[in-house]
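These notes concern the structure reproduced below.
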Amino acid sequence: MTATATRTMRALAKTRPEPGAELIERKVPSPGPGEVLLHMEAASICGTDLHLYRWDPWAREILRPPIILGHELAGRVVASGTGVTRVRDGDLVGVESHIVDWTCPQCRAGDMHLCRNLRVIGAHVDGGFAEYVVIPQANAIESNGLDPAVVALQEPMGNAVHAAFVEPIEGRTVLVTGCGPIGLCTVGIARAAGAALVIATDVEAFRLELAGKMGAHLALDASAGDTPERIASATGGDGVDVVIEMSGAQAALDLALQAVTRGGRISLLGIFSEHPHLDLSDLVIQKGVRLYGIYGRRIYDSWERTQALLRSGSLDVSPILTHRFDLADWERGFELIASRHAGKVVLLP
C-alpha cells in the first residue's frame, strides 16, 4: 500500500491528558521541505512510552495531547519533500528520535544530542506508532539490509553504545546494572568490544536469563544479599573498572558505587524517579571515580558505531526481540512491558 493509495491510516495516540491511549484513524501526512514520509515497518515500545501511557507526573510535563506515540521505529521512504537528497524512495531507514535546531551552542559544538531546543518524536511531535510518519531528512538513518525490528532497535541501542564507549572498554571488567532492553544491548556491546569480564545484575529472573544469552559471564540477582561479595570475588577483590547503570534505581546506584574500583568510571543512563542519595566524599571523590551522565545518542557517531556492530556480525541482538504484535494488539504489548517479562516488544503495521 502506497501513500497515494490511502487517505487515512491507523495510529496509536495519546488523545487526552489522562492515563491510556487510543487507536485512531488519522489522515496520512505529507512531507514538507526537507522531510520524508515513511511507511512504518516496525516500531518498538520503550519504557518512555509506558510513562506516557500511564500519564505520570513526568509525562504530564513533556506531552501535550493529541500526539501519536512511538519513537523507536523503522520505516521505508515512500515520498520526499523538496530539498531531500540524502535518502531515496524505497530506502529502509532508522529514525533518530531527537529533532535538534542545529544552531544552539551545544549543536554548534557538535553535541547535538544535548540541543537546548530539543524536540522528541512521539512526545513533542507525532511519532511512529502509525502506518505512516513524517520526519526530517536529517533524522533518517539509512539501514538497508537489516531486519526492520533490528533497525528500530538501533535507537535505544545507540544509548547503550554512547554509554559504553565514553571511554575504552576493551580488556576492562564491566558491570551492567539493569537488564531492560538497553541494558541487554550493553551486555552484548561489552562482549563484542572485548571486555574481559561482563557482569549483569537485575531483580527479574527472565531478564537475567536474557543477559546470559547476550553474553554476560555472570548474571546476578541484585536483590540477593551476597551480590556485592560475588562481584568482589569475580574481580579479585578490586572491583569493576566500568559500571554502566541502566535502571535508575537507588539500590543499583548504591551497588555501582560500591562495586567500582578506585579510579574507575560509571556511566549513568537510567532516569531516577526520585532524587538519589550518594556519598560523594567517600565513594566518588576519595575513590577518584569518574561519573558520566549519558543522554541519548551522539549524532551521528553513535549511529555509525551501532551499525558497525550490527553489520560486523559480532553482536546478535535477536534474543532481545522477544515479542512482535500487530499495531491493533498494542495493549498486549504494553502489558508485557509493564510486567517486565519481555525484552523488546515490536509493533508491526
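Between a residue in region 287-307 that is in contact (Cβ under 8 Å) with a residue 40 or more places away in the chain and any residue that is basic (K, R) and buried (at least 21 other Cβ atoms within 10 Å of the Cβ), which pairs come within a Cβ distance under 8 Å, given they are 6 or more apart or on different chains? Going by the 8 Å Cβ cut-off, the qualifying pairs are W303/R297; T306/R297. Applying a threshold of 6 Å to beta carbon distances and a minimum spacing of six or more residues, or different chains, the list of pairs starting in region 133-154 at a residue that is more than 22 Å from G83 (Cβ to Cβ) and ending at one that is open to solvent by 30 Å² or more (accessible area, probe 1.4 Å) reads P148/E41. Residue-level check: of (1) at pLDDT 95 or above; (2) of a type outside the set (A, V, I, L, M, F, W, C); (3) open to solvent by less than 20 Å² (accessible area, probe 1.4 Å), G270 misses just (1).
Scanning region 2-27 for residues that are exposed (fewer than 11 other Cβ atoms within 10 Å of the Cβ) and at pLDDT 95 or above gives E18, E25.
Taking region 171-188 only, how many residues are open to solvent by 20 Å² or more (accessible area, probe 1.4 Å) and part of a helix (DSSP H, G or I)?
Narrowing region 171-188 to residues open to solvent by 20 Å² or more (accessible area, probe 1.4 Å): 171-173, 181-182.
Next, only the ones that are part of a helix (DSSP H, G or I) stay: 181-182.
Qualifying residue count for the region: 2.
Is one or more of the residues making up region 189-201 under 27 Å from L327 (Cβ atoms), among the small types (G, A, S), out of contact with any Lys or Arg (no Cβ under 6 Å at 6 or more places or on another chain) and surrounded by 18 or more Cβ atoms within 10 Å (Cβ to Cβ)? Scanning region 189-201 turns up no residue that is under 27 Å from L327 (Cβ atoms), among the small types (G, A, S), out of contact with any Lys or Arg (no Cβ under 6 Å at 6 or more places or on another chain) and surrounded by 18 or more Cβ atoms within 10 Å (Cβ to Cβ).
Candidates are the residues of region 293-349 that are under 14 Å from the mean Cα position of the chain (by Cα) and open to solvent by 60 Å² or more (accessible area, probe 1.4 Å); the one that is nearest to G180 (Cα to Cα) is Y295. Which of the residues that make up region 254-283 are within 21 Å of L197 (Cα to Cα) and outside any strand (DSSP E or B)? Hits for region 254-283 are D254, L255, A256, L257, Q258, A259, L269.
Out of the residues in region 218-238 that are farther than 14 Å from C179 by Cβ, part of a loop (DSSP other than H, G, I, E, B) and out of contact with any Ser or Thr (no Cβ under 8 Å at 6 or more places or on another chain), state the one that is least open to solvent (accessible area, probe 1.4 Å).
Taking region 218-238 as the starting set, the residues that turn out to be farther than 14 Å from C179 by Cβ are 224-226, 228-238.
Narrowing the set further to residues that are part of a loop (DSSP other than H, G, I, E, B) leaves 224-226, 235-238.
Right, trim to out of contact with any Ser or Thr (no Cβ under 8 Å at 6 or more places or on another chain) and you get 224-226, 236-237.
Working: A224: 37, G225: 74, D226: 75, G236: 73, G237: 60 Å².
Looking at the filtered set, the residue picked out is A224.
The values are calculated or read from the model by the stated rules, or taken from the named source; none is laboratory data. These figures come from a predicted structure and were not determined experimentally. Neighbour counts are summed over all protein chains in view; Cβ atoms, including those assigned to glycine, are modelled from backbone coordinates with ideal geometry. SASA here: full protein model, heavy atoms, side chains in, ligands and nucleic acids out. Shrake-Rupley method; radii C 1.70, N 1.55, O 1.52, S 1.80 Å.
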